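**Q** So that we are looking at the same thing, I have put the structure below in structure tokens.
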Amino acid sequence: MRRSVSTVILDQFHHPTQVIVGGFATAVLVGTGLLSLPLATESGESARFLDALFTATSAVCLTGLVLVDSETHWSVAGELIIMALVQAGGLGIMTMATLFAVALSGRMGLRARMLVQVETKTLQMTDLRRVVRNVLILSLGTELLLTLLLGARFMIGYGESFGRSLYLGAFHSISAFNNAGFALWPDSVVRFNTDPWICLTLAAGVIIGGLGFPVLFELRHGWRRPSRWSVLTRITLTLTVALLVIGTILLLATEGRNPRTLGPMSGADQLLNAFFGAVMPRSGGFNSIDIAAMYPSSWLAYDALMFIGGGSAGTAGGIKVTTFGLLAYVIWAELRGEPSVNVGRRRVPVQLQRQALTIALVGVGTVAASTYLLLVLNPHRLDQVLFEAISAFATVGVSTGITPQLDAASHALLAILMFVGRVGPLTLGTALALRAKTRHYELPEERLLVG
């Protein structure tokens, strides 16, 4: 029997996550090659390999960190390549591959279903073809709506032509929904910081994309019945709202008197930009005020928001709000001496608790090690370097302005951080393991002193 190419490729791997890592790596390499072409730059000359690699990694991993100005360095063809890479990263390389397989064969095997389940974080293995289709419809539908809203504003409010308005709207809607943070202006969206139409539309795109597809699917059918929401949806929505409120208050408190950021603005504009600033560290990546001019205390608040990130199985990065929320429940249960961790009327499996702890600690360790290496390689301050490391790992893309000033080794390190942050520490670690080992016995138990 003749085997398909996809089946042959899949059989080379022992675990679906290996294929996902390979898929993202392949997308980065393809994007690097395309951005290295002369037609991708305004000058008509081939881009530096490191610039192309860094930009491709940033686009596929939905980060937005850049070494060159997107507007002046890349041609329209280069910008379209970046758009395509962002879209591919947002939908998920394996999800797109499965869509193509379904379109060609009309069938989906068990191996393909496993791939989509890992990529979309679906909780059940039933009807994954429908899940993938809904992901595509939701993504493209939301991006189309955002494109129309932004395009209308650029044309009506800023005198852009119809074609240019549509192009700007499409580029930034894709960037916003996929939490990529790429903008076609060197100051991101600072020039629009008094325009609530632009700022709130971009913020809405980032929030929707960052909630995660499982939460969006559930809200679409059951938004009127909160009592029936799953634990995932409750934790995601509760912590999302809480972090947005806390972030807004912190920025108003710390930057409200900063003469280089929110200080000169009116009360309404301060509130608008504080809210916008609270949304973007969740992995959005745009900025409406100068990040470099912010106080170090605001950078620290950004660090925390970036590291936590957004919802699971969405376009946001970080360790995810569900991981953060679950760890909070674990701590609360331990403080109360409860034998199990309960969220609402549901008990959380021990395996899930271990996964959350692993993701958080691997994230902390990765950021700490990367920050140390960046400090060794560069003369910048700890708060600046830590900010860049977390921004890369959490695939946020905001910067204090030092990223282009770093050396080549640091740029390579940041690219690796972006890749690890997008694929996920746990997924990457699982993919690197050749096989899972099952222990058929248990060792004697012994208590240790902790604390």
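The values are calculated or read from the model by the stated rules, or taken from the named source; none is laboratory data. Every value quoted in this text rests on a predicted model; they were computed, and no experiment measured them. Heads up, the Cβs are rebuilt from the backbone with ideal geometry, glycines too, and the neighbour counts pull from every protein chain shown. Protein only, heavy atoms only, side chains kept; ligands, DNA and RNA dropped before computing areas. Shrake-Rupley method; radii C 1.70, N 1.55, O 1.52, S 1.80 Å.
**Q** Taking region 309-330 on its own, how many of its residues are out of contact with any strand residue (DSSP E or B) (no Cβ under 9 Å at 6 or more places or on another chain), open to solvent by 20 Å² or more (accessible area, probe 1.4 Å) and not in a loop (DSSP other than H, G, I, E, B)?
**A** Qualifying residue count, region 309-330: 5.
**Q** So, one more: Being more than 30 Å from residue 229 (Cα to Cα) and assigned to a loop (DSSP other than H, G, I, E, B) is true for just one of 391, 370, 399, 410. Which residue is that?
**A** 399
**Q** May I pose another question? Among the numbered criteria (1) out of contact with any Phe, Trp or Tyr (no Cβ under 9 Å at 6 or more places or on another chain); (2) closer than 21 Å to residue 208 by Cα; (3) polar (S, T, N, Q), which single criterion is violated by residue 340?
**A** Condition (2) is where residue 340 drops out.
**Q** Residue pairs, Cβ under 9 Å, 6 or more apart or interchain, first in region 232-261 and free of Cβ contacts under 8 Å to residues at least 60 places away in the same chain, second hydrophobic (A, V, I, L, M, F, W, C) and open to solvent by 80 Å² or more (accessible area, probe 1.4 Å). List them.
**A** 248/271; 252/271
**Q** Quick check: anything in region 11-28 under 29 Å from residue 401 (Cβ atoms), within 23 Å of the chain's Cα centre (by Cα) and modelled with pLDDT of 95 or more?
**A** The answer is yes; a qualifying residue exists.
**Q** Filtering region 181-227 down to residues that are in contact with a Cys (Cβ under 9 Å, 6 or more places away or on another chain) and not in a helix (DSSP H, G or I), which residue is farthest from residue 79 (Cα to Cα)?
**A** Taking the candidates together, the pick is 193.
**Q** I'm trying to understand the selection: among the residues of region 17-55, which are outside any helix (DSSP H, G or I), hydrophobic (A, V, I, L, M, F, W, C) and closer than 13 Å to residue 79 by Cα?
**A** 37
**Q** Check region 378-388 and report whether any residue there is closer than 25 Å to residue 312 by Cα, open to solvent by 10 Å² or more (accessible area, probe 1.4 Å), at pLDDT 95 or above and in contact with a Ser or Thr (Cβ under 9 Å, 6 or more places away or on another chain).
**A** The answer is yes; a qualifying residue exists.
**Q** Between residues in region 347-369 that are in contact (Cβ under 8 Å) with a residue 60 or more places away in the chain and residues that are hydroxyl-bearing (Ser, Thr, Tyr) and open to solvent by less than 40 Å² (accessible area, probe 1.4 Å), which pairs lie under 6 Å by C-beta distance while being six or more apart or on different chains?
**A** 359/323
**Q** Look through region 275-291, keep the residues that are open to solvent by 10 Å² or more (accessible area, probe 1.4 Å) and not in a loop (DSSP other than H, G, I, E, B), and return whichever of them is farthest from residue 239 (Cα to Cα).
**A** In this case the residue turns out to be 275.
**Q** Then there's this: Would you tally the residues in region 185-224 being of a type in the set (Phe, Trp, Tyr) and buried (at least 16 other Cβ atoms within 10 Å of the Cβ)?
**A** Total meeting the criteria: 3.
**Q** Which members of region 57-72 meet the condition of being in a helix (DSSP H, G or I) and either open to solvent by less than 30 Å² (accessible area, probe 1.4 Å) or at pLDDT 95 or above (or both)?
**A** 57, 58, 59, 60, 70
**Q** Turning to a different aspect of this structure: Counting residues that are under 20 Å from the mean Cα position of the chain (by Cα) and modelled with pLDDT of 95 or more, which helices (runs of 4 or more DSSP H) fully inside region 81-176 reach at least 1?
**A** Qualifying helices (runs of 4 or more DSSP H): 128-158.
**Q** If you don't mind, there's one more thing I want to ask. Anything in region 228-254 that is of a type in the set (S, T, N, Q) and in a helix (DSSP H, G or I)? List them, or say none.
**A** Residues satisfying the conditions are 233, 236, 238, 240, 248, 254.
**Q** On the given criteria, is residue 357 open to solvent by 50 Å² or more (accessible area, probe 1.4 Å), out of contact with any His (no Cβ under 9 Å at 6 or more places or on another chain) and closer than 16 Å to residue 308 by Cβ?
**A** yes
**Q** Ok, one more. Please go through (1) of a type in the set (Val, Ile, Thr); (2) within 21 Å of residue 65 (Cβ to Cβ); (3) open to solvent by 20 Å² or more (accessible area, probe 1.4 Å) for residue 371 and return the number of the only condition it doesn't satisfy.
**A** Unmet for residue 371, out of (1) of a type in the set (Val, Ile, Thr); (2) within 21 Å of residue 65 (Cβ to Cβ); (3) open to solvent by 20 Å² or more (accessible area, probe 1.4 Å): (3).
**Q** Name, by its number, the condition in (1) under 21 Å from residue 321 (Cα atoms); (2) open to solvent by less than 60 Å² (accessible area, probe 1.4 Å) that does not hold for residue 170.
**A** Every listed condition holds for residue 170 apart from (1).
**Q** Follow-up question, since we're still on this one. Inspect region 338-349 for any residue being surrounded by 14 or more Cβ atoms within 10 Å (Cβ to Cβ), under 26 Å from the mean Cα position of the chain (by Cα) and at pLDDT 95 or above and give the result as yes or no.
**A** No; the residues of region 338-349 include none that is surrounded by 14 or more Cβ atoms within 10 Å (Cβ to Cβ), under 26 Å from the mean Cα position of the chain (by Cα) and at pLDDT 95 or above.
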